[in-house]
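What follows is a single structure, written as structure tokens, with notes after it.
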Amino acid sequence: MKENIKNKVLPLILSVVVVLLDQITKVLVVKHIPRLTVWADDAVIEILGKYIRLIHVRNNAIAFSMGHSLSQNARGILFAIMPLLIIIAVYVIYFRNNEFTKTQRWCICGILGGGIGNLIDRFFRPEGVVDFIDCYFWGIFGMERWPTFNVADSAVIVCGVIFVITFLIQIYRDSKKAAKNKEGKNE
């Protein structure tokens, strides 16, 4: 029982680390990089030439600026209240479920940390979520640059991909085990 609690509580460190890194980087961006405008020559800081740049933009919608045309009230409900309720629900499921692997628990906490990081912006930055990592995308999908993102977004994507991979591996192993058990019963 004690080991089970430790396995559930320890990954919460990742949630805290993601939120702290996300908010610290956003504070630094807001303080040191002017908001991107056509007239701001110093608004783009090249890290690896045109491939990775730091810029300061705000997103009052969700991924890829979806929902930017909604009213402010609708955005508040859809992009702040609903995610808050979802984050609470996922934490409840996280603590009640004993089936997640250790890796899946760490991934869930990384995803939730990213969600909380962006949610903080939605509640306390009326201009929108601070995004600042700008990457060249070689024209793939007709996009020269990938939509600008932040540390929270990175945590959600990286941990989400790892979670899905571990989930698929788990399904594959379970199906092989079931096939082997079925094979053993037929003999």
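Annotations for the structure displayed:
- The packing ranking of peptides 159-167, 27-35, highest mean first, is 159-167, 27-35, where packing means the average number of other beta carbon atoms within 10 angstrom of each residue.
- Classified by the C-alpha gyration tensor, the chain has a prolate form. Its axis ratio a/c, with a ≥ b ≥ c, is 1.5 or above, and a/b is larger than b/c.
- Cross-link partners of Lys180 among aspartates and glutamates, defined as those whose alpha carbon lies under 16 angstrom from its own and excluding same-chain residues fewer than eight positions apart, are absent.
- Overall form of the stretch 143-185 per C-alpha gyration tensor (a/c, 1.5; a/b vs b/c): prolate
- Unsatisfied cross-links (Cα-Cα over 31 Å) in the set Lys8/Lys177; Lys102/Lys177; Lys8/Lys31: Lys8/Lys31
- Close amide-amide hydrogen proximity is noted between Arg145 and Phe137, each under 5 Å apart and 5 or more residues distant or on a separate chain (H modeled in the peptide plane; Pro and chain starts excluded).
- Surrounding net charge for Lys50, when Lys and Arg each add one and Asp and Glu each subtract one, Cβ distance under 13 Å: -1
- Length-normalised contact order for the chain - Cα pairs under 8 Å, 6+ apart - percent: 27
- Angle in degrees between helix 102-124 and the longest Cα principal axis of the chain, rounded to the nearest 10: 30
- C-alpha long axis of helix 82-96 to longest principal axis of the chain, angle in °: 30
- In the chain, helical runs assigned H by DSSP with n ≥ 4 each contribute -39500 (n - 2.57); averaged across all residues and rounded to the nearest 500, the mean residue ellipticity at 222 nm is -19500 deg cm²/dmol.
Here, each number is a calculation from the coordinates, and none is a lab measurement. The shown structure was predicted, so the numbers you read here are calculated from the model rather than taken from an experiment. Cβ: placed from backbone, ideal geometry, glycine included. Neighbour counts: every protein chain shown.
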